[in-house]
Amino acid sequence: MIRTIGVVGAGQMGNGIAHVCALSGFDVRLLDIDDAHLQQGLSTIDKNLERQVHKGKITEEEKATTLGRIRSGIDYEIFSDCDLVIEAASENEAIKRAIFAKICPVLRPDALIASNTSSISITRLGAATDRPAQFMGMHFMNPVPVMQLVELIRGIATGENTFNVVRDLVVKLGKQPVSAEDFPAFIVNRILLPMINEAVYTLYEGVGSVDAIDTAMRLGANHPMGPLELADFIGLDTCLAIMQVLYDGLADSKYRPCPLLVKYVEAGWLGRKTGRGFYDYAGEKPIPTR
């Protein structure tokens with residue numbers, strides 16, 4: 001039974017996962033590389049909970065109780081009493097493997113590990129741990145407190161009990177679990193990222209401007225936000241990493257990352273988080289950069 005949940009990474013995804021777990025009554029252990037990253041993550045959780053208070057979804061008392069359930073630190077020993085640890089670090093396999101090498105020695109033998117990877121092989125990541133049968137993918141959507149879906153991915157070695165325990169947890173978090181096979185990018189990103197990549201090609205080839213492409217998809221396909229705006233929201237480095245996983249894993253030229261996407265990432269224009277991507281976020285209103 002899951003009572004205490006560890007979360008690796010206090011960034012965009014990690015602080016959202018910590019937020020929903022604590023709000024659902026679980027004790028949370030949140031870890032990041034330094035205090036500055038942790039404080040930033042805790043501040044975001046505080047702001048997002050306050051937003052829920054203003055909307056009447058939770059009370060001030062519930063907010064205070066939720067924050068009280070989160071303990072943070074920079075030492076992996078913080079996970080020694082966890083029933084499950086969810087890794088939500090950068091979408092980089094080498095970084096994730098290094099994290100698992102530090103997590104495994106401090107965990108109880110019965111503890112489970114999940115990765116919030118959006119594209120990397122769960123079988124391969126699980127094999128890098130000392131407990132592949134107790135390892136699986138648990139892919140939350142961004143922003144975590146708002147989005148209802150969690151993709152659940154079994155590696156080839158994932159045990160049935162592990163899958164059932166994690167699926168029950170997702171339901172307790174008020175989310176909808178969907179089972180996906182362990183293929184590159186799973187379901188959502190297998191469909192979504194090639195669409196974003198195609199939107200970047202459409203821009204690259206001069207078919208339409210940033211504004212024209214996003215307006216066309218919002219009004220023509222009834223999407224809540226255009227694909228280039230969405231790419232900025234996700235992070236262009238993350239978009240590129242997922243396209244690279246698809247391209248390498250499936251060896252199909254239709255997944256080749258657009259050279260313009262590569263160029264933006266090389267320039268450090270990663271979207272909202274750096275203040276510039278397909279839009280410039282310096283002013284009150286985002287301005288297209290092309």
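For the reader, a short list of remarks on this structure follows.
- Angle between the chain longest axis and helix 12-23 axis [Cα atoms, degrees, rounded to 10]: 40
- Net charge dipole, the stretch 143-250: roughly 440 debye, given to the nearest 20, about the Cα centre with Cβ charges of +1 for Lys and Arg and -1 for Asp and Glu.
- Extending 7 Å from Cα along the Cβ direction at residue 248 and again at residue 160 yields two label points whose distance is 3.5 nm.
- Ranking of 232, 168 by neighbouring Cβ atoms within 10 Å, starting from the fewest: 168, 232.
- Candidates 96, 273, 175: whichever shows maximal mean-square fluctuation once the chain is modelled as a Gaussian network with Cα springs under 10 Å: 273
- Label-to-label distance for residue 50 and residue 80 is 3.5 nm, based on points extended 7 Å past Cα in the beta-carbon direction.
- Cα-centre dipole for the chain with unit charges at Cβ (Lys and Arg positive, Asp and Glu negative), debye to 20: 320
- Axis of helix 188-204 versus longest Cα principal axis of the chain: the two differ by about 30°, to the nearest ten degrees.
- Close amide-amide hydrogen proximity is noted between residue 279 and 289, each under 5 Å apart and 5 or more residues distant or on a separate chain (H modeled in the peptide plane; Pro and chain starts excluded).
- C-alpha center-to-center spacing [the stretch 1-27, the stretch 71-99] in angstrom: 12
- Binning all Cα-Cα separations of the stretch 190-285 at 10 Å, short to long from zero, yields these whole-percent fractions: 17, 51, 29, 3, 0.
- Rounded to the nearest whole Hz, the Karplus-based 3J(HN,Hα) values (6.51 cos²θ - 1.76 cosθ + 1.60, θ = phi - 60°) of the stretch 88-93 follow the sequence 9, 8, 4, 7, 9, 4, with x at glycine and proline.
- By the helix-only formula, in which each DSSP H run with n ≥ 4 contributes -39500 (n - 2.57) and the sum is divided by residues, the chain has a 222 nm mean residue ellipticity of -14000 deg cm²/dmol.
- Degrees, to the nearest 10: 210-220 long Cα axis against longest axis of the chain: 70
- Additional length obtainable on full extension of the chain from residue 260 to residue 102, 0.36 nm per residue less Cα span: 53.2 nm
- Relative contact order %, the stretch 190-285, counting alpha carbon pairs below 8 Å whose residues are six or more apart: 28
- The packing ranking, built from the mean of other Cβ atoms within 10 Å per residue, places the peptides 56-62, 21-27, 208-214 in the order 21-27, 208-214, 56-62, highest first.
- When the Cα positions of 21, 148, 129 are compared along the charge dipole of the stretch 4-180, 148 comes out farthest toward the positive end, with charges on each C-beta of Lys, Arg, Asp and Glu.
- Answer label for Rg and Dmax of the Cα atoms in Å (calculated), chosen among (i) 19.6, 73; (ii) 19.2, 56; (iii) 17.9, 64: (ii)
Since every read-out is calculated from the coordinates, none of them should be taken as a lab result. All figures in this text were calculated on a predicted structure; none of them were measured in a lab. With ideal geometry, Cβ positions are generated from the backbone for all residues, glycine too; neighbour counts draw on all protein chains shown.
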